[in-house]
Amino acid sequence: MSAPNFVIPVGVIVERIRSSNPWAEFYWRAAGVLAGQPETPAWTILSDDGQRVTFYAGTADVALYSSDTGFYRDNLNSGAPALWVALRATEGEPPYKIAAVTADPAEGESFTEAGTDLIEQVPMPAPIQQTIAAFVAEFHVERPFVKRKRDRADPEAMARRGRASGDDVE
């Protein structure tokens, strides 16, 4: 994969919510993204009300590629711009690591294909929206849709062929 044209550093907020399910003590989910990289250490508790604990999980980079500007533009124009956060389970503490954060809806959807990561769509902060809008304005090239035409069928291509010489039986 090629190197990104631009990278936006972000901080990821994760929640651990007490469950009433007998098979799971907690539910985990990405709760939000902060513009920039706070100097807070990863997995610092931000709040705890007894049922819900909010953590600053650490930093990640949102990579922007000039070839994906159409997806970013569609995301920004959706009325609810979002980022997709993928959390991957670890074998120890902390229980999850940040696998990826993206502004590309197609890539966000592709994160769900493996079925092993926790994927959450979170609101995109305004400073990140502005940065991505500027990126799209600089790099987007409109590509016209070209409908392909099918080749005309050749009726003789599927016609029965006569037997090869020497195959005739009298």
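The values are calculated or read from the model by the stated rules, or taken from the named source; none is laboratory data. Please read all numbers here as calculations on a predicted model, not as lab measurements. Glycine gets a Cβ as well: all are built from the backbone with ideal geometry, and neighbour counts include every protein chain shown.
In segment 78-113, how many residues are part of a loop (DSSP other than H, G, I, E, B) and within 12 Å of the chain's Cα centre (by Cα)?
4
Please count how many residues of segment 81-95 are more than 14 Å from residue 9 (Cα to Cα), touching a residue at least 60 places away in the same chain (Cβ under 8 Å) and crowded, with 21+ Cβ neighbours inside 10 Å.
1
Quick check: is even one residue across segment 125-145 at pLDDT 95 or above, crowded, with 17+ Cβ neighbours inside 10 Å, of a type in the set (Val, Ile, Thr) and not in a helix (DSSP H, G or I)?
For segment 125-145, residues at pLDDT 95 or above, crowded, with 17+ Cβ neighbours inside 10 Å, of a type in the set (Val, Ile, Thr) and not in a helix (DSSP H, G or I): absent.
Go through segment 42-70 and give me each residue that's surrounded by 18 or more Cβ atoms within 10 Å (Cβ to Cβ) and touching a helix residue (DSSP H, G or I) at 6+ places or on another chain (Cβ under 9 Å).
Correct list: 62, 64, 65, 68, 69.
In segment 61-77, which residues are in a loop (DSSP other than H, G, I, E, B) and touching a residue at least 40 places away in the same chain (Cβ under 8 Å)?
Selection gives 65 alone.
Has segment 96-117 got at least one residue that is among the polar types (S, T, N, Q), surrounded by 17 or more Cβ atoms within 10 Å (Cβ to Cβ), within 30 Å of residue 77 (Cα to Cα) and modelled with pLDDT of 90 or more?
yes
Taking only pairs six or more apart or across chains, which ones have beta-carbon atoms under 9 Å, a first residue in segment 128-152 that is touching a residue at least 12 places away in the same chain (Cβ under 8 Å) and farther than 16 Å from residue 63 by Cβ, and a second residue that is polar (S, T, N, Q) and part of a helix (DSSP H, G or I)?
Close Cβ pairs satisfying both conditions: 140/66; 140/69; 141/66; 141/69.
Which members of segment 1-60 meet the condition of being closer than 14 Å to residue 98 by Cβ, of a type outside the set (Val, Ile, Thr) and touching a residue at least 60 places away in the same chain (Cβ under 8 Å)?
Of everything in segment 1-60, those that are closer than 14 Å to residue 98 by Cβ, of a type outside the set (Val, Ile, Thr) and touching a residue at least 60 places away in the same chain (Cβ under 8 Å) turn out to be 28, 29, 30, 31, 32, 34.
Which of the residues that make up segment 1-51 are over 22 Å from the mean Cα position of the chain (by Cα), under 30 Å from residue 65 (Cα atoms) and among the acidic types (Asp, Glu)?
Answer for segment 1-51, where residues must be over 22 Å from the mean Cα position of the chain (by Cα), under 30 Å from residue 65 (Cα atoms) and among the acidic types (Asp, Glu): just 39.
Return only the number of the condition from (1) part of a loop (DSSP other than H, G, I, E, B); (2) acidic (Asp, Glu); (3) surrounded by 15 or more Cβ atoms within 10 Å (Cβ to Cβ) that residue 39 does not satisfy.
It is condition (3) that residue 39 fails.
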